[in-house]
Every structure is written in C-alpha cells, then in structure tokens.
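The values are calculated or read from the model by the stated rules, or taken from the named source; none is laboratory data. Here the structure is a predicted model, which means the values were calculated and not measured. Positions of Cβ are generated from backbone atoms using ideal geometry, with glycine treated the same way; all protein chains shown enter the neighbour counts.
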Amino acid sequence: MEEIIKLDNIAKYNAMRGVETLHPLVTVIDLSKAKPMAAKTFNFGMYAVFLKELNCGELKYGRNHYDYQEGTLVFIAPGQVMGIQPNVKTFEPKGWALLFHPQLIEGTPLGKHIQDYSFFSYDVNEALHLSEKERQIVLDCFGKIQYELEQSIDKHSKKLIASNIELFLNYCTRFYDRQFITRDNAHEGILERFENLLNNYFSSENPANIGLPSVAYCADELNLSSNYFGDLIKKETGKSAQEYIQSKIIYVAKERIFDHNKSLSEIAYDLGFKYPQHFTRLFKQKVGVTPNEYRNLN
C-alpha cells in the first residue's frame, strides 16, 4: 500500500522544501529557490495555494492527474491529498506557494467564513487560470504577506497576515467569476447537459430506486466537483444547483398530478421522496398550495 505522508505543520513543509521557517503557522515560498517535492503522496493538514508559472510536470490530485500550465492557481484544503508522480523530471517550476495552518485564522473574520471560499473544494482540473494583470495582483498579495513574515512577530501580526490572506482570497473569488464568464468553451453545454440529465433521471427508474437526485450526484455525472458545479450553475441561472433541481421536481410533479390513476403518495414515491409529507411540504413551499389543492384547482 502506498505510503501517504502527512504534512500537518509549516515547519515540516518548509524543511522538506529547504526554506527557513519565519512563522510557525504560515509560509510564502519562492519555488525557484526551493527544493522540488519528492515523488510521493501527501495529505495536507493545512490550506495551500500554488501559483505555477511554468509547465512543471504531472501531479496527482486525489484520484486525478493534472498537468499544471503557466499562470495557474491551485487550492488545497486540509485533508486533501496531492502526489508527485514518479519519473517526472520537469517538476522544478518557477512560481510561488502560500500555506497557512487553520490555527492562524482561528478567531479572525477569515476563520469565520473560510468555508465560503468554495474553490478550496474544486477539483484540480477546475483550477484558476490567471491573466497577466491578475497574476501581478496575486504576486502583490503574496509580497504583502511575505513582508509581514519578515517582521518580528507582535500582537498585530496575526490580524495583518490573516487580513492579507483574506484580501488575496477575495481577489480569487473575483477572478473565478471572470473565468466562469470568459471560459465559455470549457463550460459550453453544462446547463443543457444538466437539464438533460434531470430529464433522463425522472424518465427512468432511478427516483424510485435511488431517490431524489442530489447536487453531488449531478456534479459527478457531469465530471465536475460539487462546489465548482454549484458555483457555475449559480452564475449561469441565478439559482443554486439545489434550487434548480427542486424546480425540476416541481415541474415534473405538476405534470404527474394530473394523472388521477395514481394517488399523490404514489407520485411522491415515484419522484424519489421517502415520505409523501416531504413532497407535500416542498410543493406547498414552491407553489403556494398543497399537491391535493393543486389537483383540485386544475
């Protein structure tokens, strides 16, 4: 069985890369001055962001392989696994790395909403591809964090470092919004494929056998991570992926309610609900009347 190396503190990571530890909970590394990572698999116990500026060989992220291209930002959250593939001689990239331990942001505004930065849970093939102007902004943010690391640690250090990391992540949110718009070719047809997926799902025996389609199920069928899929649908439709699925459920339910050969409970089970009362609750929430009232009105 392949050994997985746990990287759970900054000092351990810095030692592996051959760089000095300036702060126990955060590091910014110029990769051109660091040792290359060994061809092993690592489980990160920290948040990590890598800015790659050259083609730098194949990495393995979770179960997927990825060839990092120039100007790419990749985000890793605690608990995620990344590996360096053996026999890859080109993994000596220029670029930068930012790593910070969850303890750094405890009690800070960033710590309270770090989960809102959903791109930490994107798959690696959904990385952020930067324009040159965006790359300069990223480097400027890294420079501000590095400046703080080079000062003596005092009572202001944690707040200033966390604030600069938050500023960087807010810029990344803006850049991802731009990418959703500009990378139309990569996203072309996702909404149509999502709609077809739901149509086929409710035309099959899946609802009765599996239950209601989840966001995770749909994302997996479309070869996207749940968070990236959800953010993309929200950007395209103004609805969350869950709201979109619920709208489809109500649309199908309205059609089936007219079939008087089936009871409303049977319709609920056929749609994938475990309990008819859950169907009634959702229907009334979305339509304003119960399924029975809707049937009688029409």
Counting only strands (runs of 3 or more DSSP E) entirely within the range 1-62, those with at least 2 residues that are modelled with pLDDT of 85 or more and of a type in the set (A, V, I, L, M) are 4-7, 26-30, 47-52
When you go through LEU167, LEU149, LEU110, LEU128 one by one, which is the residue that is under 16 Å from PRO24 (Cβ atoms), of a type in the set (A, V, I, L, M, F, W, C) and in contact with a helix residue (DSSP H, G or I) (Cβ under 8 Å, 6 or more places away or on another chain)? LEU149
Show me the helices (runs of 4 or more DSSP H) found entirely inside the range 179-298 where at least 3 residues are free of Cβ contacts under 8 Å to residues at least 12 places away in the same chain and within 22 Å of ASP116 (Cα to Cα). 215-221
Is it true that LEU104 is part of a helix (DSSP H, G or I), of a type in the set (A, V, I, L, M) and in contact (Cβ under 8 Å) with a residue 12 or more places away in the chain? yes
Going through ALA162, ALA127 one at a time, which residue ends up being within 13 Å of VAL49 (Cα to Cα) and touching a residue at least 40 places away in the same chain (Cβ under 8 Å)? ALA127
Could we say that ARG174 is under 22 Å from the mean Cα position of the chain (by Cα), under 21 Å from VAL252 (Cβ atoms) and surrounded by fewer than 19 Cβ atoms within 10 Å (Cβ to Cβ) here? no
